[in-house]
Amino acid sequence: MDFIEAKTKVGIAYTLKELSGRILEEIPPSHPFVYIHGYDNIIPGLENALEGRKLGESFSVEIPYDMGYGPYRNELLIQVPKEELQEVGELWLGMELEMMQDNDIREFQLPDTADEFVDGLNLDDDDDADGIYVVKEIYKDTVLVDGNHPFAGKDLIFEVQVVSIDAPSFTELETGFPDRDDYSDEENGYDEFEDNQNRRWR
C-alpha cells in the first residue's frame, strides 16, 4: 500500500518536541510506533496530518494542545489518603493507577491490560474523572496523583517518517489494534506491542 487512508496499518518513526525545541520522545525507524489508521487511537492532530501521506514520506507538523492531549485540568490533581491505596500495595513516583468512582465511592487499582490503559486516559474535557492517574508525590499520610496526560496543555511538534503501510488483518480491523504476534521480538527481549500500547496515545 502506497498511502495512508482509513483501515490501513501504519508504522511511524517520530521525534516529539515542545515548541521550545525540547525533545520529549524519540521513536526510531527500527522500532516504529504501529497503529490502525482511522480508529481514533492516536491524537487527532497527528492522525489528520498523516492522512494521505506516502510510504517513506517525512514531514513536520505543529499540533496545538486542543488537537493533541487536551488542556491541563486542575481538578484531575488529587490528594488521596494512603488508606485508600492499601490494596494497591507498594507505591512509587511515576506509578500508574486506575481510578473508578461510583457516587461517593472511589477505588484505585492497577490497570490490567494495555487496552485498558489506553482507553482510560483522561483526554476528554468532561466531568468524568475516572481513568489513569500517575503518582506525583508521596507524603506521610497522603499521595498526590495526577490524572492529566503528561503532555496536557502543551503545543507540540511532531517530526514524522512513514515507515510502513500495510493492510490490517481481520482481527486488527475488529479490535482497532495491531496483532500482538507481529510486533514482538522475544529473542531480543523486546516487546514492541507492549511498548506501542503503553505509549499515551488516543
Kindly establish whether D102 is farther than 25 Å from R180 by Cβ and at pLDDT below 90.
yes
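Restricting to the stretch 67-116, what's the tally of residues that are assigned to a loop (DSSP other than H, G, I, E, B), charged (D, E, K, R) and surrounded by 17 or more Cβ atoms within 10 Å (Cβ to Cβ)? Please lay out each step first, then the result.
First, the residues of the stretch 67-116 that are assigned to a loop (DSSP other than H, G, I, E, B): 68-73, 89-95, 103-104, 110-113.
If we keep only those that are charged (D, E, K, R) too, we end up with 73, 90, 104, 112.
Among the residues that remain, those that are also surrounded by 17 or more Cβ atoms within 10 Å (Cβ to Cβ) are: 73.
Adding up the residues that qualify gives 1.
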Could you tell me how many of the residues in the stretch 11-24 are farther than 11 Å from Q161 by Cα and either among the aromatic types (F, W, Y) or surrounded by 15 or more Cβ atoms within 10 Å (Cβ to Cβ) (or both)?
2
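The values are calculated or read from the model by the stated rules, or taken from the named source; none is laboratory data. The shown structure was predicted, so the numbers you read here are calculated from the model rather than taken from an experiment. Here the Cβ is made from the backbone with ideal geometry for all residues, glycine too, and neighbour counts use every protein chain on show.
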